[in-house]
Amino acid sequence: MVDYTDTIEVHGLRVPFVPEIITPKIEKPLRRGRYGKGEVDLLLSVLKPGDRLLDLGGGLGIVSAAVAQTLRDIDVLTIEADRRLTRLIRKVWHLNNVTTPNLIQAAVVNKDASATGPVAPFYIRPNFWSSSAAPDDRPHDAVAEVPSVSLGDLLADHHPTVLFCDIEGGELDLWQGADLSGLRQIVLKLHPEVYGQDGMRVIVDRLAELGFLPNHAITPDGALRLFDRIPTGAETGAERDIEDIMPRRRYRAERSESSAPLRILLPTCMKNEGPFILEWLAWHRAIGVTDFVVYTNGCTDGTDRLLDHLARRGLLRHMPNPALAVTATNFQPVALQYTHFLPEFEAADYVLSMDVDEFVNVRVGDGTLAALIKAAGDFDVLSISELNHGCNGQNRYQEGHVTALFPAHQTETPGNKRAQRGVKSLVRMSPRVSRIRNHRPDMYPSLGTVLWRDGSAQLRQELMQEPGDNGWDCRGTYDLVSLDHFPLRSLESFLVKMHRGDVVVANKKASNRYWRTRNFSEATNSNLTRMRDRMQDEYDALLAVPETRRLHDACVAAHRARIAALSDEPEYLERKAWIYNEAWRDDFPEEAAGFLRETPQSPQDD
């Protein structure tokens, strides 16, 4: 006969002290008022008058009793599989005059598991809080056959508005076949000690696919999480913490081979890049980018007019950089943060921030991003190492495709001192993404394993561990993809770039060091020809519209005019002389000698 006369006071409730159930490990937090405090406080903060609470894993009955005693106008249904606890729960409710909750003894399973029969195995362990429907995570003393009920049936029959779930690891496989559309919020106790960080990742992703995101403003402890239902469509104005940079959005399930095409968004910033836009746009359309958002500021060569025209054709979205509205000088970070709120971002499966002088060169399958995603396997972030193409000894600007004009690049197998290179990152949109940045995203580390891969699909953690880093050791990272970077183009185009100033930071110019650390031409193994025909088809289709050709030609003419205007400027004459004397002389002696005959020699380094 169980003695229920000795009680413990907790949260204003009397709880019978039953030593067979309340072992010393539980007794101590009970007597100190800590047991279940996070759960009770969180539920009381989210429940509203008229709510219906579904309580999965009733435990000692403390959470349901505290909620029902405080909020008299809500309905509570508690599910508990352990018969030892159902008797205790009823006694807790009786001692505290709690009459509104209902109790069902059953193991909650997913729809597929419930189809196997009316009962389910329940694994009894010495400590009640570790007893569960999961057989393998910990040793058990006995197996009981208990009634089973699917989460889908509970939702359909009882129409809860809030779900509280603490079922000792059973939440990993719970959601199959469940319609959660009637729920407003889920309070979930995670158990990574049972299924690890990989299991947490599965749960968070599945709930996101069902329309529920973690609320980062409310995190009582590391195991308890609040998930909010996010309505379909754009952000509805729900409150969010100022540090929660990522707008609250829905995420779609992983696509199958036969499903709709991937939506891949490429946001970028431009300033005076007119002659080079169409090739870059055609290339990335050819490899599978579906959405482009381009921000500009201070254009004088017709870049903005060409982009406005391409936007009218429905090929991209062009906007003034939002930093201009707040007189900010960090153009790129402001633009990328603003991108989070655009419809293209809401629809994106993947986001890749990069620049107009960078070309993603997929080396597997048919050369598309879809082939890269398939070859890389599951990932949250795939960071692509850059491969700088030098000016290949060309000092004069000529119209044409930079991917054909400048084939030579730095080696893919540098020594230790030159192995550190920047990256740009293809980011799968998931609840783990906190913020999109130009080189890499910020990720939430507490929502399960973050799979961060390099361009050879190797798992790496450097950028996850160092939020300030934008690159890594590039050796061995080019098997699947490279980021072919054309930062210089010809010498004349580089001088125009220097005159233009940095597109990212105001009042900053490309320096002599910028040239010296990027002008490499020792290798030609990065094959940019395999996508050329497909890119050319896209390019020809762009230019088939007469107005597109007119605006492109106007940008080319403006670029040539700027080159001519700079030809007699002392600063640029000095810069050219330095390049030939110091940076180029050994690699291209004939070009240097010929150019120095027509250029004053007054070298200057920064």
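Inter-label distance, Arg84 to Ser456: 5.3 nm, where each label sits 7 Å from its Cα along the C-beta direction. Along the range 200-215 the Karplus relation, 6.51 cos²θ - 1.76 cosθ + 1.60 evaluated at θ = phi - 60°, assigns HN-Hα couplings of 4, 4, 4, 5, 4, 5, 5, 5, 5, 5, 8, x, 10, 10, x, 8 Hz to successive residues, with x for each Gly and Pro. Within the chain, the longest run free of GluC sites (Glu not before Pro) that sit in a DSSP loop with at most 12 other Cβ atoms within 10 Å is 21-238. Here the spin labels are modelled as points 7 Å beyond Cα on the Cα-Cβ line, and at Lys25 and Ala541 they lie 6.2 nm apart.
Cα centroids of the range 310-336 and the range 68-93: 55 Å apart.
For the pair His159 and Arg252, the difference between a 0.36 nm per residue extended length and the Cα-Cα distance amounts to 31.0 nm. Seen through its C-alpha gyration tensor, with square-root eigenvalues sorted a ≥ b ≥ c, the range 7-229 comes out rounded because a/c lies under 1.5. Treating r as the C-beta distance of Asp553 and Met319 and R0 as 35 Å, the FRET efficiency rounds to 0.90. Using only the Cα atoms of the chain, build the gyration tensor, take square roots of its eigenvalues as a ≥ b ≥ c, and label the shape rounded, prolate or oblate: rounded if a/c is under 1.5, else prolate if a/b is larger than b/c, else oblate. Prolate, since a/c reaches 1.5 and a/b exceeds b/c.
Distance between the 7 Å Cα→Cβ label points at Asn525 and Glu145: 6.5 nm.
Where a number appears in this text, it was derived from the coordinates with a stated rule and is not lab data. Every value quoted in this text rests on a predicted model; they were computed, and no experiment measured them. Backbone-built Cβ (ideal geometry, glycine too); neighbour counts: all protein chains shown.
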